[in-house]
Amino acid sequence: MLLTPDRLEKAMTYLMAQSADIITAASGQDIGLADELRAALAAAALSYVDVLKQPHLFTEDWAQALRRLAGLASSFGAADLHGAVKQALDGPVGDQQAVAQIEAAIAQLQLPDLQIG
């Protein structure tokens with residue numbers, strides 16, 4: 001069976017729905033470690049945002065940064081971030097409103113009582 005982008009999207013959505021809170025599970029209920037993991041996730045996500053903010057970005061670079069960011073979001077069950085990335089993928093290259101929505105989703109990742117998934 002061929003894994004089409006549509007099937008991949010459905011699989012990623014299913015996996016995110018199955019994870020109650022991946023960071024809490026990974027940290028073993030250690031609040032300090034959970035905060036560090038959230039900070040690392042946010043820092044990694046922001047590195048892709050830096051790419052998205054570059055002027056004169058080529059279409060393939062825009063799409064590649066967004067796909068990597070979508071993968072990162074999926075890995076951690078960050079559904080809001082994944083949704084913002086999907087909207088950016090469906091929109092025009094260099095859409096700074098889409099980037100702002102991604103940044104807002106990343107900011108949500110850093111909230112102390114966050115439940116990802």
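Using only Cα positions of the stretch 27-102, each an equal point scatterer, no hydration layer, compute I(q)/I(0) via Debye at q = 0.22, 0.23, 0.25, 0.27 Å⁻¹ and quote the log10 values to two decimals. The calculated log intensity ratios at q = 0.22, 0.23, 0.25, 0.27 Å⁻¹ are -0.92, -0.99, -1.13, -1.28. When Lys53, Lys86 are arranged by Cβ crowding within 10 Å, least crowded first, meaning fewest neighbours, the order is Lys53, Lys86. The residues neighbouring Ala42, those whose beta-carbon lies less than 12 Å from its own, together hold a net charge of -2 under the Lys/Arg +1, Asp/Glu -1 convention.
Rule-based calculations on the coordinates, nothing more; no lab input. Computed from a prediction, not measured in an experiment: that's the story for all the values here. Note: ideal-geometry Cβ built from the backbone for every residue, glycine included; neighbour counts use all protein chains shown.
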